[in-house]
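A short write-up of the structure that comes next.
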Amino acid sequence: MPRALWPPSLRAGIGEVRYFVATTASGVVGLTGIYTLTDEAGDAWLGWYGVDERMRGRGYGRALLETTTALARDAGYRTLRLWTTDHPNFAVASRLYEICDFVPQAIEVDYLGRPVLIYSRALNGGSPSPFEGSIAKAMAGAGSRTAPTTSNERSTRRVRG
């Protein structure tokens, strides 16, 4: 949904938003985007990243992720971040993030009943700093489907790596 159609409460704190459609001669392969938060200088967020199911397993996902990383680096950002959950449907993508040097970080928020993970990649070498900003802003569009994790869940949650 275009940002202009988001309720004002979701638009607050969101800076730049850029999305791209990846294509080949045979059609659309996937889509990717970058957005920023107004109070997180130096960070860009991967937004709406995905590859058409029929095109998976051909290297397009990695190419799309690396191209998006290069766009963020070329725009002067220090860190590229993304959020996802530990849902089994996202396991392949999570492995790709780690192969591409993204570092996972568990946070104390659930999305649709699943723990949220923040993945971060330093764009100019070194290790990324841990995310310490507003996850509510980073998850713009997720709205009321997020909830704090209970203390029992916190003590048993592990991050792959």
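For this structure, a couple of remarks:
- Any pair with Cβ under 7 angstrom, 6 or more apart, that starts in the stretch 35-56 at a residue that is touching a residue at least 60 places away in the same chain (Cβ under 8 Å) and within 12 Å of Arg81 (Cα to Cα) and ends at one that is among the aliphatic types (A, V, I, L, M) and not in a strand (DSSP E or B): Leu37/Ala138; Trp45/Ala138
- Residue within the stretch 105-120 that is more than 13 Å from the chain's Cα centre (by Cα) and at pLDDT 90 or above present: no
- Filtered residue count, the stretch 36-58, keeping only those that are β-branched (Val, Ile, Thr) and either within 16 Å of Phe102 (Cβ to Cβ) or crowded, with 20+ Cβ neighbours inside 10 Å (or both): 2
- Residue selected from the stretch 1-24 under the condition charged (D, E, K, R) and in a helix (DSSP H, G or I), by the criterion modelled with the highest pLDDT: Arg11
- Some residue of the stretch 73-86 being assigned to a helix (DSSP H, G or I) and either over 17 Å from Leu31 (Cβ atoms) or at pLDDT 95 or above (or both): yes
- Listed by first and then second residue, the pairs with beta-carbon distance under 9 Å, at least 6 apart or on different chains, first residue in the stretch 92-113 and touching a residue at least 60 places away in the same chain (Cβ under 8 Å) and under 19 Å from Thr69 (Cα atoms), second small (Gly, Ala, Ser) and surrounded by fewer than 17 Cβ atoms within 10 Å (Cβ to Cβ), are Glu98/Gly161.
- Pick from the stretch 98-121, criterion touching a Ser or Thr at 6+ places or on another chain (Cβ under 8 Å) and not in a strand (DSSP E or B), ranking: surrounded by the fewest Cβ atoms within 10 Å (Cβ to Cβ): Leu112
- Exactly one residue out of Gly33, Gly27, Gly61 is over 16 Å from Ala136 (Cα atoms), modelled with pLDDT of 90 or more, surrounded by fewer than 17 Cβ atoms within 10 Å (Cβ to Cβ) and not charged (D, E, K, R), and it is Gly27.
The values are calculated or read from the model by the stated rules, or taken from the named source; none is laboratory data. Keep in mind it's a predicted model, so treat the numbers as computed, not measured. All Cβ positions, even for glycine, are placed from backbone atoms using ideal geometry, and neighbour counts span all protein chains on display.
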